[in-house]
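One structure is given below, encoded as structure tokens.
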Amino acid sequence: MSDVCIIGIGIHPFGRTDGLSGLDQGVFAVREALGDAGLDWRDVQFAYGGSDAAGNPDTMVERLGLTGIQFINVKNGCAAGGSALSSAQMAIKSGAFEIGLAVGFDKHPRGAFNALPAEYNLPEWYGDAGYMITTQFFGAKIMRYMHEYGISPETLGRVSEKAFRNAVHAPHAWRREPVALDVIMDAPLVSDPYTKYMFCSPAEGGVALILASEKKARELGKPLIRLKAAAMRTRPAGSFEVFAPSIDIKRGGSATRIASADAFRLAGIGPDDIAVAQLQDTEAGAEVMHMAENGFCQDGDQEQWLAEGLTEIGGSLPVNTDGGCLACGEPIGASGLRQVYENVVQLRGDGGGRQVPGNPKTAYSHVYGAPGVSAVTILER
Amino acid sequence: MRAIAEGLFTDEVPPRLIGGRDKVTGRIVFPCPPGADFEPLPLGRQGTLWSYTVQRYRPKSPPYAGPEAFAPWAVAYVELPGEAIVEARLTDVDLDTIRIGMPLELALIPLDPGAADPVLTHAFRPVDPEMAASA
């Protein structure tokens, strides 16, 4: 079967933009993507849109044009963007459409996400007693991982240091000042072992991708950035997820592991074939754990990989070349599509100061979210 | 003092947490879910530290119902052998001495020690290894 191609990309810078709604930022990104593709809104036959806290994406037709387009809203936690992309790919593969849009945007209040027990089907006492805190889960998960696989706190610090250093060259990133390793390590702890520089923040932003059938992309004369795989999966038994009053003695896999394996199967390639990767890094340890969960290294190898700089822009597997969530922040609906945007930039060779050398031909993206959802994409040029 | 919720721990002295056992698969969880699929099961009082973190800032209210005054506390996952790994605060512990694998036992602590009628919530405290061996 022929591939689905990404023929246009647009982004509204991440961070804080007072005076612009989340929807405004989504519309901005769509217009940029249309301009990049050389298309008009009337050419777009369908859309999938993701937003967690900034309203229904389909309302953007009021701004873009009332063409009667099919527009489906996606709410799937941190996997919203990946789910929108996966759905858009299937719509084109089915033969029903030739040109479509995957868009994601969000705008969250300042500070940590404020979750309530009822939203997660949990009893009230769980919130009363102070357990409805995502950072507790992140801290406890990496503490166990460090204990089992010999990962040091410095390795966590190196992940953050790399993120801010890469973001200097990414115009869409939020935090674009380098931060020295000792500053990261000596900063106040938020949830042990993480200091404040090791967590990303809820943020704002919008991303849009225009997809087309291979036939249409060729007609339009576009460089063929092929979406070889877009897999979205949920958790298996025995996984460790946020807001868990208990977990199973018998430990199991993760949504990431099965989404990753499925994506590699669909693409017909393996981890060694990937030239650049964007991995979910809502906290520094997430990038570390996700390197192994996505099959790029064995558990515990990350200590050496980070020390030797293997995930730097010029390393054997550059990871989070635009600074990831740590430097861009996390607007939930847009975050997964930002990773794919960055991968298209890299495959086109448009990365400027953050461009991966050697003419990369394959790129991988991965999101993970509550409660145990993951979406993976593989692009090829 | 009252429990923070009904059905979380037994009335015994000392108390035990009440988990739930899946009637079909035997899987054990805490707390016992409502409905007919799980049967209540008092869990062991002693376990070992599986993992932990420290809550370094006061959680937002709502939902947090603890005191305005804040001091950091440890949040742990405690492995109860053969049963489940249960999330709970640690109590009576120096934050710098927490180690994965350390032996722990169940304790009930007031959520707000300064309240007129404080509610009790579950926690675990370190066990002297020699005491644990003879228990």
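Things to note:
- Within segment B:1-11, the set of residues being assigned to a loop (DSSP other than H, G, I, E, B) and buried (at least 20 other Cβ atoms within 10 Å of the Cβ) comprises B:I4, B:L8.
- Per this entry, B:P14 is counted among residues that are outside any strand (DSSP E or B), farther than 30 Å from A:R110 by Cβ and more than 9 Å from chain A (Cβ to nearest Cβ).
- Contact annotation: residue pairs with Cβ atoms under 7 Å, 6 or more positions apart or on different chains, pairing a residue in segment B:70-82 that is farther than 16 Å from B:F30 by Cα with a partner that is in a loop (DSSP other than H, G, I, E, B) and of a type in the set (K, R), are B:F70/B:R58; B:P72/B:R56.
- Checking the stated criteria, A:I184 turns out to be closer than 29 Å to B:V54 by Cα, in contact with a strand residue (DSSP E or B) (Cβ under 7 Å, 6 or more places away or on another chain), among the hydrophobic types (A, V, I, L, M, F, W, C) and crowded, with 19+ Cβ neighbours inside 10 Å.
Per-residue answers, yes or no, for (1) free of Cβ contacts under 8 Å to residues at least 60 places away in the same chain; (2) surrounded by fewer than 16 Cβ atoms within 10 Å (Cβ to Cβ):
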| site | (1), (2) |
| --- | --- |
| A:S260 | no, no |
| A:G268 | yes, yes |
| A:T282 | no, no |
| A:E287 | no, no |
| A:F296 | yes, no |
| A:Q304 | yes, yes |
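- Count of segment A:124-168 residues which are more than 9 Å from chain B (Cβ to nearest Cβ), over 24 Å from the mean Cα position of the chain (by Cα) and surrounded by 20 or more Cβ atoms within 10 Å (Cβ to Cβ): 0
- Single match in A:E330, A:E283, A:E287, A:E308 (criterion: of a type in the set (D, E, K, R), more than 13 Å from the chain's Cα centre (by Cα) and within 24 Å of A:M185 (Cα to Cα)): A:E308
- Residue check for A:K162: among the charged types (D, E, K, R), assigned to a helix (DSSP H, G or I) and within 22 Å of B:V78 (Cα to Cα): no
- Meeting the requirement of 2 or more residues that are at the interface with chain A (Cβ under 10 Å from one of its Cβ atoms), the strands (runs of 3 or more DSSP E) wholly within segment B:17-63 are B:18-22, B:46-55.
- Test: A:A187 is at negative phi and over 23 Å from the mean Cα position of the chain (by Cα): yes
- Here A:G139 passes the criteria (1) farther than 30 Å from A:I92 by Cα; (2) modelled with pLDDT under 95; (3) touching a strand residue (DSSP E or B) at 6+ places or on another chain (Cβ under 6 Å) except the one numbered (2).
- If the condition is being under 15 Å from A:G285 (Cβ atoms), within 14 Å of another protein chain (Cβ to nearest Cβ) and aliphatic (A, V, I, L, M), then segment A:169-203 contributes A:L189, A:V190, A:M198.
- Selected residue (criterion: modelled with the lowest pLDDT) from residues of segment A:218-263 that are within 22 Å of A:N343 (Cα to Cα) and of a type in the set (K, R): A:K222
- The residue of segment A:112-123 that is farthest from A:E177 (Cα to Cα), among those that are part of a helix (DSSP H, G or I) and more than 8 Å from every other protein chain (Cβ to nearest Cβ), is A:A118.
- Annotation: of all residues in segment A:56-90 being assigned to a loop (DSSP other than H, G, I, E, B), in contact with a strand residue (DSSP E or B) (Cβ under 9 Å, 6 or more places away or on another chain) and in contact (Cβ under 8 Å) with a residue 24 or more places away in the chain, the one that is surrounded by the most Cβ atoms within 10 Å (Cβ to Cβ) is A:A79.
- Residue match in segment A:210-223 (condition: of a type in the set (S, T, N, Q) and either assigned to a helix (DSSP H, G or I) or within 14 Å of another protein chain (Cβ to nearest Cβ) (or both)): no
- Any hit, segment A:308-315, residues being under 20 Å from A:S374 (Cα atoms) and not aliphatic (A, V, I, L, M): no
- Filtering segment B:91-99 for residues that are surrounded by 19 or more Cβ atoms within 10 Å (Cβ to Cβ) and either among the hydroxyl-bearing types (S, T, Y) or touching a Cys at 6+ places or on another chain (Cβ under 7 Å) (or both) leaves an empty set.
The values are calculated or read from the model by the stated rules, or taken from the named source; none is laboratory data. Bear in mind that the values here come from a model prediction, so they are computed numbers and not experimental data. So basically every Cβ, Gly included, is an ideal-geometry build from the backbone, and we count neighbours across all protein chains shown.
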